[in-house]
């Protein structure tokens, strides 16, 4: 059947082909003199091309991705005025049950509670947006992603007793459903086969599941799949005896898929399309621990290769982190990869240390300064093998007094920690508080302050002296240094790096980072307006070499722009360096910075400043 996927969407939503977005694309094609059709499936097919281009054509541009998320937030995240009174009444009830007596939720408290509800909905919705816009989801056709995504938007929280999702409405305060990549892969793969009239695999051939497929109800299918991929039992995790099995690049993907499904790994590799795509790119290693019959059938960790390099390592704990028993097995495997495995050794070490601190916390033991330095990520980030931060970090931190811990970490008294500028004096060692140009001007007068945070420990203030590496004195040497450190240099970043002038001797640059709003431009501003405001405030543009030099020294995950005199790229577009991360890899790239280019109020920009003479 022609356009059978689009026919499926039309059957699910008979008004889709007459919706405003679809009609808009039809009108655009007519104005452009392109051929159009009145058939619903054809109209939907044309519009899906627009959907695909919108979400995938500008993956490396954080501003585009942010605009997409902002659109979804506006359309689907609850508004403060729509939060029902019953939600606030329930908060008062919970407070009473916790021993706080009868309390009245004030308007200010309502606003704070509403901010939490909205933030939770935005973050959970972003996980779905990020995944479906990523390369990992390219294995799924656009129509299937549209079906799953729009269905998810109508789902609320999961009821474990009823084994179903509640329906979402205008007043729903619950976050969007958790993203379980394995369950999603199970559902989408099956629906692709069902719609395409392909034969279902033995793993999918389940009478109840096939019945649900007939109704094409994503919420019911996803709920069933989540129950099917139940997590591994704890006693099975404690046993780490097992075997590594290698699935060769280009080999049949089904043995890999069948070995993973039903074990609750959470890996998207459990889906056929993903597994097939990943094996086309490289070898895939899975470590299976022995089951009760002594057979290696329980997947515990995986090493995915891509073009000869380690692309990722995943475990079966929350967010695909390694479970606490399997680190030694991973370490031994990484030794086989030489230098390639070194970057992963830190992750394994970090997970061991975090497990040790977690156990100390549970047993009520005191944490040492070394423990706290690690927990609060003072010297380096705690790195794991999942898609996001190990949840144990925040779980432990929430049980502690951050100000008391800060005094231990920074070896100072509580009186030497200033929480605002009025508390700053010549004895202050640590500042934790608001950050803006006024605070900056105060901090400059006190070289005794050596640690700066907007909030401790999660939001460190960037204000530092950077010494350049005199060995990196040319674009060619900078390029090689970036390669040696496995830092990705984008093609457009390479364009302006080739034209960057480097110091021939060691230089020291004093740098500070501000959002556009912190400069006093709360509604955002153009490049020229930002530069003019910075000059007015006594800040300076950075020499262009700050971009690559800072990238080589700074492993921060934050996206930040370097305020510098623009350099033209291959297309003649005036650009500046920007620092960002792609997954686990640091990146040096460039952003268009035309004089009239507009930047949001939360864009982070690094400037140079001059220290006060003492």
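Only the coordinates and a few stated rules stand behind these numbers; no lab work does. Please read these numbers as outputs of a predicted model, since none were measured by experiment. We place every Cβ from the backbone using ideal geometry, glycine too, and count neighbours over all the protein chains shown.
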Two-site label geometry, residue 582 and residue 366: point separation in nm, points 7 Å out along Cα→Cβ: 4.8
Residue 423-residue 31 FRET efficiency (beta carbon distance; Förster radius 41 Å; 0.05 resolution): 0.05
In degrees, nearest ten, helix 40-56 long axis to first principal axis of the chain (Cα): 30
Value of relative contact order over the range 432-568, rounded to a whole percent, pairs C-alpha under 8 Å and six or more apart: 25
With Cα atoms, 0 to 90° folded angle of helix 20-31 axis to the chain main axis: 90
Proxy reagent accessibility, fewest Cβ within 10 Å first, across 268, 575, 412: 412, 575, 268
Centre separation in Å (Cα based) which lies between the range 45-93 and the range 512-575: 28
Bridge type composition, the chain - antiparallel percent by DSSP, nearest 5: 85
Global form of the range 371-411, assessed from the alpha-carbon gyration tensor, a/c cut-off 1.5: oblate
Likely footprinting exposure, 152, 419, fewest C-beta neighbours within 10 Å first: 419, 152
Cα gyration tensor, the range 464-608 - rounded (a/c under 1.5), prolate or oblate: prolate
Folded to 0 to 90 degrees: helix 62-76 orientation relative to the chain principal axis, Cα: 60
Per-residue [θ]222 nm for the chain (sum of -39500 (n - 2.57) over DSSP H runs n ≥ 4, rounded to 500): -13000 deg cm²/dmol
Contact order relative to length of the chain, as percent, for alpha carbon pairs under 8 angstrom and 6 or more apart: 7
Shape of the range 401-461, Cα gyration tensor, a/c cut at 1.5: oblate
Fewest-first ranking of 8, 284, using other Cβ atoms within 10 Å as the exposure measure: 8, 284
Sequence-separation-based contact order of the range 234-339, relative, with Cα cut under 8 Å and 6+ spacing, percent: 25
